[in-house]
1. Mind listing whichever residues of segment 3-36 are farther than 18 Å from residue 79 by Cβ and either part of a helix (DSSP H, G or I) or among the charged types (D, E, K, R) (or both)?
2. Within segment 67-104, take every residue that is part of a helix (DSSP H, G or I) and small (Gly, Ala, Ser) and give me the one that is farthest from residue 37 (Cα to Cα).
3. Just a yes or no: is a residue in segment 92-101 at pLDDT below 95, touching a strand residue (DSSP E or B) at 6+ places or on another chain (Cβ under 9 Å) and among the hydrophobic types (A, V, I, L, M, F, W, C)?
4. Restricting the search to segment 65-108, which residues are surrounded by 11 or more Cβ atoms within 10 Å (Cβ to Cβ) and more than 21 Å from the chain's Cα centre (by Cα)?
5. Would you say residue 61 is closer than 30 Å to residue 31 by Cβ, surrounded by 11 or more Cβ atoms within 10 Å (Cβ to Cβ) and in contact with an Asp or Glu (Cβ under 7 Å, 6 or more places away or on another chain)?
6. Name the single residue, out of those in segment 1-35 being closer than 13 Å to residue 58 by Cα and among the basic types (Lys, Arg), that is surrounded by the most Cβ atoms within 10 Å (Cβ to Cβ).
Amino acid sequence: MRSVDEKLDQTFAALANSTRRAILARLAQGEATVNELAEPFNMSLPAISKHIKVLERAGLIKQGQKAQYRPCIIDVAPLKEVSNWTEQYRPIWEARFDRMDDYINQLNTKENDYE
């Protein structure tokens, strides 16, 4: 079984590509076939299939079997893991933004004092 770190690595690697993110955005609207997923892109079906395989290995999508076509669906579980991982850093970033806001306000106050 893969560790949480390995899962995160695979998820981030899959999300690093804009085509794969666009495929996920399309699947967030509902299931789609490979042909439907390929429509908006100027690339071959084998190229789209490679992107789909990367997303499948990362656990971000699943391919079903319905009659003669294999619709893809999104699986949000890996995205929830990413969200949980990033959430632990929220207090740090919020504190930094608060300090930056304070600094900008100080600069604005000094600038107004000189006018």
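The values are calculated or read from the model by the stated rules, or taken from the named source; none is laboratory data. This one's a predicted model, so the numbers in the text were calculated from it and none came from an experiment. As a convention, Cβ positions derive from the backbone with ideal geometry for all residues, glycine included, and neighbour counts pool all protein chains shown.
1. Hits for segment 3-36 are 34, 35, 36.
2. Selected residue: 95.
3. no
4. Selection gives 69, 70.
5. yes
6. Per the criteria, the residue is 20.
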